[in-house]
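Take a look at the structure below.
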Ligand code: C2O
Ligand code: CU
Ligand code: CU
């Protein structure tokens, strides 16, 4: 049933050319743009109809990472190919709190290459509860997406995925932020909200500002945090999101502030004149449901093992014909996600589940990080660590779960569950 308040979108996967550096352009892909895509904004409670159009020369899929929808066709994982020159239609109701999500290609096993070429975009969900909080929300003025990626540029500024291929994840020495090398941003308000997405295939970002400027995290993958968390340093593993508010109050027109990962500058903020602003946030931001568990609650173990081509989930490689797990709709389970990597400083596997948001219960039996008390769909699992999650489904379907180092996912570190 369609009503007048329904919203309609067309998302087009297309090829184009992008000038990242002075000189020659390089071939890239995007959603309606030559590289990446415009931010898509959904409103909680609305029914949404989307045309998924493929103008590429190979099949792709449109995966709504973090969106609470039924699977597998609307969710857009491997099961939902859109062939060249075809347009598929999906429809769903936006049924989750305000959050920063994303859209990316997900054809198995070429997700990594397609995302690398540019098939990724930010998705924002808005709702009434968030609109009452004293957060900046003028998109493009004081509410800013930051999609963090990295690339290697070969001779004549060319991208070359195959030349850079690494089964442990492709990375490059040049930061590309919102599709731009060395971007700057004009700060015209005292407080700016950044919606940060780690859109890299493999890289972790260890974010901090010049002067060790303090900032406040207000949101994680699946929505607003129960309480604001103040930091000077923030780590994001692949596909994780963080909403932060930065107070530039101590700076003066003409000053510059820099966002870094380790000691690599990512973005320069140029301070302009602004009105002084109220900076106080409430102590309590959002209510996060926390369903009860009992001693009988099932514990579901997922083992992430191996490196390179050897990566596996529960000792197996992904097989689209095999359902690896089942869970009843509404039943709450604990999931223990184990990283068998024993090496200190070894690879962190960012573990992701489609179709839902989960809660992080513990890390090796200890409390999760202070910014892991809200909804998440992706969590970094460190070497020698078991991360316990609380997982429940409210919509039926087959959903994937996997490592979000995208080459690990394509390499088979992935499985699927049927919610019924
Ligand atoms: Cu971000 Cu299987 O996805
Ligand atoms: Cu996903
Ligand atoms: Cu991994």
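The values are calculated or read from the model by the stated rules, or taken from the named source; none is laboratory data. If you're wondering where the values come from, they're calculated on a predicted model, not measured in any experiment. Positions of Cβ are backbone-derived with ideal geometry, glycine not excepted, and every protein chain shown enters the neighbour counts.
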Test: residue in region 300-309 that is within 16 Å of ligand 1 (Cβ to nearest atom) and under 17 Å from residue 202 (Cα atoms): yes
One residue from 314, 336, 308 being closer than 21 Å to residue 78 by Cα and more than 16 Å from ligand 2 (Cβ to nearest atom): 314
Any hit, region 280-296, residues being within 16 Å of ligand 1 (Cβ to nearest atom), at pLDDT 95 or above and part of a loop (DSSP other than H, G, I, E, B): no
Those residues of region 105-114 which are touching a strand residue (DSSP E or B) at 6+ places or on another chain (Cβ under 6 Å) and surrounded by fewer than 23 Cβ atoms within 10 Å (Cβ to Cβ), in sequence order: 107
Condition check for residue 267: in contact with a helix residue (DSSP H, G or I) (Cβ under 7 Å, 6 or more places away or on another chain) and in a strand (DSSP E or B): no
Within region 382-401, tally of residues that are within 16 Å of ligand 2 (Cβ to nearest atom) and at positive phi: 1
Index of the failed condition, residue 415 passing every other in (1) within 14 Å of ligand 2 (Cβ to nearest atom); (2) crowded, with 24+ Cβ neighbours inside 10 Å: (2)
Criterion: surrounded by 22 or more Cβ atoms within 10 Å (Cβ to Cβ) and more than 27 Å from residue 169 (Cα to Cα) - qualifying residue of 254, 249, 223: 223
Matching entry among 66, 140 (being at positive phi and within 16 Å of ligand 2 (Cβ to nearest atom)): 66
Elements of type strands (runs of 3 or more DSSP E) in region 36-75, at least 2 residues being away from ligand 1 (no atom under 16 Å from the Cβ) and either in contact (Cβ under 8 Å) with a residue 60 or more places away in the chain or surrounded by 16 or more Cβ atoms within 10 Å (Cβ to Cβ) (or both): 40-43, 47-54
Output for region 269-310, where each listed residue is under 30 Å from residue 165 (Cα atoms) and touching a strand residue (DSSP E or B) at 6+ places or on another chain (Cβ under 7 Å): 302, 303, 304, 305, 306
Residue in region 330-341 that is away from ligand 1 (no atom under 16 Å from the Cβ), without any contact (Cβ under 8 Å) to a residue 12 or more places away in the chain and assigned to a loop (DSSP other than H, G, I, E, B) present: no
Number of the exception - residue 97 against (1) outside any loop (DSSP other than H, G, I, E, B); (2) within 30 Å of residue 226 (Cα to Cα); (3) touching a helix residue (DSSP H, G or I) at 6+ places or on another chain (Cβ under 9 Å): (1)
Residue 349 within 12 Å of ligand 1 (Cβ to nearest atom), assigned by TED's automatic domain parsing to the domain that holds residue 304 and within 27 Å of residue 168 (Cβ to Cβ): no
Tally, over region 342-354, of residues that are within 14 Å of residue 385 (Cβ to Cβ) and not in a strand (DSSP E or B): 7
